[in-house]
Amino acid sequence: AQALSHVREGALRNVRLHMGDALEILRRVPDKSLAFVYLLHPDPWPKARHVKRRMMNDGPLDLIHAKLKPGGEFRFGTDHPVYLCHALMVMQRHRHQYNWLCEAAADFQSRPGGWPETRYEAKARRLGHEVWYFRYQRKPD
Ligand SMILES: C[S@@+](CC[C@H](N)C(=O)[O-])C[C@H]1O[C@@H](n2cnc3c(N)ncnc32)[C@H](O)[C@@H]1O
């Protein structure tokens, strides 16, 4: 509801909302059509038996790769240390598809330009959590 009121207040004309599974929408968009995909503070599913529910997994990452334009960016943020380790391991398996755009620690410790601060991130920072930011560029085929 809050998103809808922001769209109305800002008279935004380039926003589409889908109430449901984000992966359903992603499956429907044409291949190689997206410049950016953001995955911001996905649910961590901390229990071992729920790990397969995490968005950072092989199925969603293959799908995001298919939908990004070559050179497009997949951007992922989290404040959850366990999820962070999991994400780095999974992305290591996908290094044939994505380049991690990172040259120094500062690159994942500060929010890159054009990256919006979400409500969850603001709350995490108020609680004193560190937040980590990852930019992965889709490789050409
Ligand atoms: C921790 S919240 C973060 C919300 C927001 N991205 C932010 O940073 O403020 C995680 C959100 O992901 C949503 N979510 C989890 N799995 C989803 C899926 N498959 N499709 C769409 N939303 C999903 C949950 O409903 C929840 O609102």
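The values are calculated or read from the model by the stated rules, or taken from the named source; none is laboratory data. The structure presented is a predicted model; accordingly, all values stated were derived computationally and were not measured. Every residue, glycine among them, receives a Cβ derived from its backbone with ideal geometry; neighbour counts consider all protein chains shown.
Observations, loosely collected:
- Here is the figure for region 82-109: residues that are closer than 30 Å to Gln2 by Cβ, modelled with pLDDT of 95 or more and over 15 Å from the mean Cα position of the chain (by Cα) total 1.
- Annotation: of all residues in region 86-141 being free of Cβ contacts under 8 Å to residues at least 24 places away in the same chain and among the acidic types (Asp, Glu), the one that is farthest from Ile64 (Cα to Cα) is Glu103.
- Of the strands (runs of 3 or more DSSP E) that lie entirely inside region 42-141, those containing 2 or more residues that are in contact with a helix residue (DSSP H, G or I) (Cβ under 7 Å, 6 or more places away or on another chain) and closer than 25 Å to Glu24 by Cα span 68-78, 132-138.
- Verdict on Phe74 being away from the ligand (no atom under 16 Å from the Cβ), within 16 Å of the chain's Cα centre (by Cα), buried (at least 17 other Cβ atoms within 10 Å of the Cβ) and modelled with pLDDT of 95 or more: no
- Conditions (1) modelled with pLDDT of 95 or more; (2) over 30 Å from Gly128 (Cβ atoms); (3) in a helix (DSSP H, G or I): number failed by Pro30: (3)
- Close pairs from region 33-54: first farther than 18 Å from Tyr133 by Cα and at pLDDT below 95, partner away from the ligand (no atom under 12 Å from the Cβ) and in a helix (DSSP H, G or I), Cβ under 9 Å, at least 6 apart: Trp45/Val51; Trp45/Lys52; Pro46/Val82; Val51/His86
- If only residues of region 1-27 that are among the small types (Gly, Ala, Ser) and within 21 Å of the chain's Cα centre (by Cα) are counted, the one that is farthest from Arg53 (Cα to Cα) is Ala3.
- Checking each residue in region 77-125 for being among the basic types (Lys, Arg) and more than 14 Å from the ligand (Cβ to nearest atom) picks out Arg93, Arg95.
- Looking only at region 1-58, and only at residues there that are among the aromatic types (Phe, Trp, Tyr) and more than 9 Å from the ligand (Cβ to nearest atom), the one that is surrounded by the most Cβ atoms within 10 Å (Cβ to Cβ): Trp45
- Among residues that are without any contact (Cβ under 8 Å) to a residue 12 or more places away in the chain and charged (D, E, K, R), Lys67 is not included.
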